[in-house]
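Take a look at the structure set out below.
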Amino acid sequence: MSRIVNELDRVVIRFAGDSGDGMQLTGDRFTQEAAVFGNDLSTLPNFPAEIRAPQGTIPGVSSFQLHFANYDILTPGDRPDVLVAMNPAALKANLGDLPKGATIIVDTHDFTKRNLTKVGYETDPLAGDELDEFSVHALDLTGMTVEAVREFELSRKDAARCKNMFALGLVSWLYGREVAGTEDYLRGKFAKLPTIRDANIAALRAGWNFGETTETFAVSYVVKPAPVPAGRYRNITGNTALSYGIVAAGQLSGLPVLLGAYPITPASDILHELSKHKSFGVTTFQAEDEIAAMGATVGAAFGGSLAVTATSGPGIALKSEAIGLAVMTELPMVIVDVQRGGPSTGLPTKTEQSDLLQVMYGRNGEAPVPVVAAQSPSDCFDAAIEAARIAVTYRTPVMLLSDGYLANGSEPWAIPDVSDLPRIDPDFATGPNRVSTSSQTQGAGETAEEPDEFWPYLRDPETLARPWAIPGTPGLEHRIGGLEKGDGHGNISYEPANHDLMVRTRQAKIDRIARSLPPLEVDDPTGDADVLVIGWGSTYGPIGAACRRVRDAGHSIAQVHLRHVNPLPQDLGEILRRYRRVVCPEMNLGQLSRLLRAEYLVDVQSLTSVRGLPFGAEALCADLLTHVEGASA
Amino acid sequence: MTYVINQDCVDVKDRACVDECPVDCIYEGPRMLYIQPDECVDCGACEPVCPQEAIFYEDDLPEASSGYLAINAQAFAAVGSPGGAGAYGLLAEDHPTVSALEKVN
């Protein structure tokens, strides 16, 4: 029988099921296959915070969305072309996101009266006309899986658990993907459980073969590889990229890395990943709480390590006191905030950008801290190195902002050439830096005296950074602490004029960082745009995709994206004033737009969304078009 | 409070619930399974896995099987709380109401 094979430019697939159905794994495996095939891709895992949410309920639905294409894409996609729903709750929770004509592959096994009632279906949606505008394939995936693995004599529970592999096999067939990579993966994962391993492989193949032999699917699809610059690529999530960035920063600076951290969603992966890299001089310390983790980080920085801590918003709240100490002691460290929905415990597994003002200002006293934000999963690597550069060069704690979407989302990453990465010079103090007053008196009349004492707060005139001396180095003995330092000598000082000077100097040091930043790149292809869209962090993808849509509709629009939120780049004010209207989409209630208004007196328009999910390109495009039309009117 | 198995289990005894129960409180009689109400910890793990939909939280028992709250409890009148179905083995006999039910197949 001949089959129709249609070629598509892009596809968005969403795998959805109960937590425990293995949807994240299914999505991840399909992603890996798409990555090896050479598609550009972007993913959005979306799962409940509970370890085991109530079975079969809508809050318990776990989904994984994958967008893959034969060109470069920026977002995980707004509306799935294909929904794989493993139970009634997964169907109900995701139906609203589907465009007309979408394909739904649904496992009918759990469509029992009780399960339907549980999610609020009074009648079976598969029987009624509710799904008429979709192309529905209602299949007993669980039943077919149990049949396919019967020979392995598993318990029914274990047999039914293989259904995610059956579904993966089927979808792989539908998009002409091989499953060999997943078979290898299963062989590794279940090496110690041969029957489970063989049953999963059998289910995977059975799903693929079902697609091949059934006549349910009249059409299958191909999505060709995306053209990309030559190089070695791998698929990477934001948390992995960020961890690698920290490892790389340790190597580039020649410093041992110490991560002091307490596990918190969605930052825990960084602790997991870095704990694997002892061979690169990385030490990980899982502290008893966030406060101890921050204390260890400050201590490691004092001791001459590249000190890092990784947490989320609630952890930053606990760490803020010790971050203040790090500001006062002027020690280099990177504080990673993988933001999640707040306030309080909030939405642990969902994304938000609402910690910006917290990391900017959430400390007592005037305690300026530089803020660096990553814009895409793979960009977390470069952002981590940049944060380490600022920290070490300017002797200051640096906030590195990621978020739940970047942390768990993945995309292809061109593995960089190590020789292209910037070196970071720790420039440790090696000897005394000042001629003491007593020797000046004694040696009156003589010139070019050798420095004979060490002042820990004698600053570099260019960067205003203080010297970094490893404790225990002879001749460099010094004290630091949380009380105000006297200018230069660093001893405790309560002098009014000294405090005024030190507060202003600490601020001036952070402001000086702007001098080291490259000029901003404004994406304004036509050069005649009236509207500038400015963003920071993970909104980069959705804003870029929305701007493409605005341009495709025949309008001009400019985009600029901030990596450095504190200090702001020197040329930003001029750029903002160049446009008639400035729009700032954020996943909070307008925190960056508030900073920009305060800093530049520019009437920045805020576009906000706090749904725990990234912006959809379609909706954002509609909002931007309103501004484009408003600005030209 | 406890979960309760009703008449839909009779002569079926799928036992999917037995695998799920973390405290091993689901005992097998000759014709149906019974939940020991004193041992049940109300976790609800058994309820969604029953292919017969025969397990209910006691407050949610349908009218037609309201007697099964007592039937589950009375099935243990002779044995009390054995503290684990795996170690105890099969219950010697069903509750009289269950024994009296006509065999369907």
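The values are calculated or read from the model by the stated rules, or taken from the named source; none is laboratory data. Note that the structure is predicted; figures quoted are calculated from it, not measured. All Cβ positions, even for glycine, are placed from backbone atoms using ideal geometry, and neighbour counts span all protein chains on display.
Numbers at a glance
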{"read-out": "Top-ranked residue in segment A:147-184 [being of a type in the set (A, V, I, L, M, F, W, C) and either over 38 Å from the mean Cα position of the chain (by Cα) or part of a loop (DSSP other than H, G, I, E, B) (or both); ranked as nearest to the other protein chains (Cβ to nearest Cβ)]", "value": "A:154"}
{"read-out": "Test for residue A:95: is it away from every other protein chain (no Cβ under 14 Å) and either surrounded by 19 or more Cβ atoms within 10 Å (Cβ to Cβ) or of a type in the set (Val, Ile, Thr) (or both)", "value": "no"}
{"read-out": "Filtered residues of segment A:175-197 (kept if in contact with a helix residue (DSSP H, G or I) (Cβ under 6 Å, 6 or more places away or on another chain) and in contact (Cβ under 8 Å) with a residue 24 or more places away in the chain)", "value": "A:177, A:179, A:181, A:182, A:195"}
{"read-out": "Residue count, segment B:59-83 (criterion: of a type in the set (Gly, Ala, Ser) and in contact with a Pro (Cβ under 8 Å, 6 or more places away or on another chain))", "value": "1"}
{"read-out": "Some residue of segment A:420-432 being acidic (Asp, Glu) and touching an Asp or Glu at 6+ places or on another chain (Cβ under 8 Å)", "value": "no"}
{"read-out": "Any hit, segment A:235-257, residues being modelled with pLDDT of 95 or more, more than 14 Å from the chain's Cα centre (by Cα) and in a strand (DSSP E or B)", "value": "yes"}
{"read-out": "Filtered residue count, segment A:15-51, keeping only those that are of a type outside the set (Ser, Thr, Tyr), under 20 Å from the mean Cα position of the chain (by Cα) and outside any helix (DSSP H, G or I)", "value": "8"}
{"read-out": "Some residue of segment A:38-51 being surrounded by fewer than 18 Cβ atoms within 10 Å (Cβ to Cβ) and within 14 Å of another protein chain (Cβ to nearest Cβ)", "value": "yes"}
{"read-out": "Whichever residue in segment B:58-78 is aliphatic (A, V, I, L, M) and in a helix (DSSP H, G or I) and, among such residues, is nearest to residue B:32 (Cα to Cα)", "value": "B:71"}
{"read-out": "Output for segment A:571-600, where each listed residue is out of contact with any Leu (no Cβ under 7 Å at 6 or more places or on another chain), more than 25 Å from residue A:352 (Cβ to Cβ) and in contact (Cβ under 8 Å) with a residue 40 or more places away in the chain", "value": "A:578, A:580, A:581"}
{"read-out": "Residue list for segment B:26-59, restricted to those being of a type in the set (Ser, Thr, Tyr) and within 10 Å of another protein chain (Cβ to nearest Cβ)", "value": "none"}
{"read-out": "Of residues in segment A:12-35 being hydrophobic (A, V, I, L, M, F, W, C) and touching a Phe, Trp or Tyr at 6+ places or on another chain (Cβ under 6 Å), the one nearest to residue A:172 (Cα to Cα)", "value": "A:34"}
{"read-out": "Helices (runs of 4 or more DSSP H) contained in segment A:309-396 and holding at least 2 residues under 26 Å from residue A:254 (Cβ atoms) and under 16 Å from the mean Cα position of the chain (by Cα)", "value": "A:379-394"}
{"read-out": "Only listed residue being more than 19 Å from residue A:24 (Cα to Cα), in contact with a Lys or Arg (Cβ under 8 Å, 6 or more places away or on another chain) and acidic (Asp, Glu), chosen from A:133, A:151", "value": "A:133"}
{"read-out": "Number of positions in segment B:1-24 that are among the hydrophobic types (A, V, I, L, M, F, W, C), farther than 25 Å from residue B:100 by Cβ and either more than 14 Å from chain A (Cβ to nearest Cβ) or part of a loop (DSSP other than H, G, I, E, B) (or both)", "value": "3"}
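Residues are listed down the side, and each one gets a yes or a no for (1) in contact with a Leu (Cβ under 9 Å, 6 or more places away or on another chain); (2) β-branched (Val, Ile, Thr):
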{"residue": "A:473", "(1), (2)": "no, yes"}
{"residue": "A:482", "(1), (2)": "yes, no"}
{"residue": "A:485", "(1), (2)": "no, no"}
{"residue": "A:509", "(1), (2)": "yes, no"}
{"residue": "A:519", "(1), (2)": "no, no"}
{"residue": "A:524", "(1), (2)": "yes, no"}
{"residue": "A:540", "(1), (2)": "yes, no"}
{"residue": "A:545", "(1), (2)": "yes, no"}
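Listed here are the residues, each with its yes/no results for (1) under 25 Å from residue A:513 (Cβ atoms); (2) surrounded by 22 or more Cβ atoms within 10 Å (Cβ to Cβ); (3) in contact with a Phe, Trp or Tyr (Cβ under 9 Å, 6 or more places away or on another chain); (4) of a type in the set (Gly, Ala, Ser).
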| position | (1), (2), (3), (4) |
| --- | --- |
| A:532 | yes, yes, yes, no |
| A:536 | yes, yes, no, no |
| A:577 | yes, no, yes, no |
| A:580 | no, no, no, no |
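Residues checked against (1) assigned to a loop (DSSP other than H, G, I, E, B); (2) touching a residue at least 12 places away in the same chain (Cβ under 8 Å); (3) of a type outside the set (A, V, I, L, M):
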residue: A:480; (1), (2), (3): yes, yes, no
residue: A:494; (1), (2), (3): yes, no, yes
residue: A:503; (1), (2), (3): no, yes, no
residue: A:508; (1), (2), (3): no, yes, no
residue: A:515; (1), (2), (3): no, yes, yes
residue: A:526; (1), (2), (3): yes, yes, yes
residue: A:534; (1), (2), (3): no, yes, no
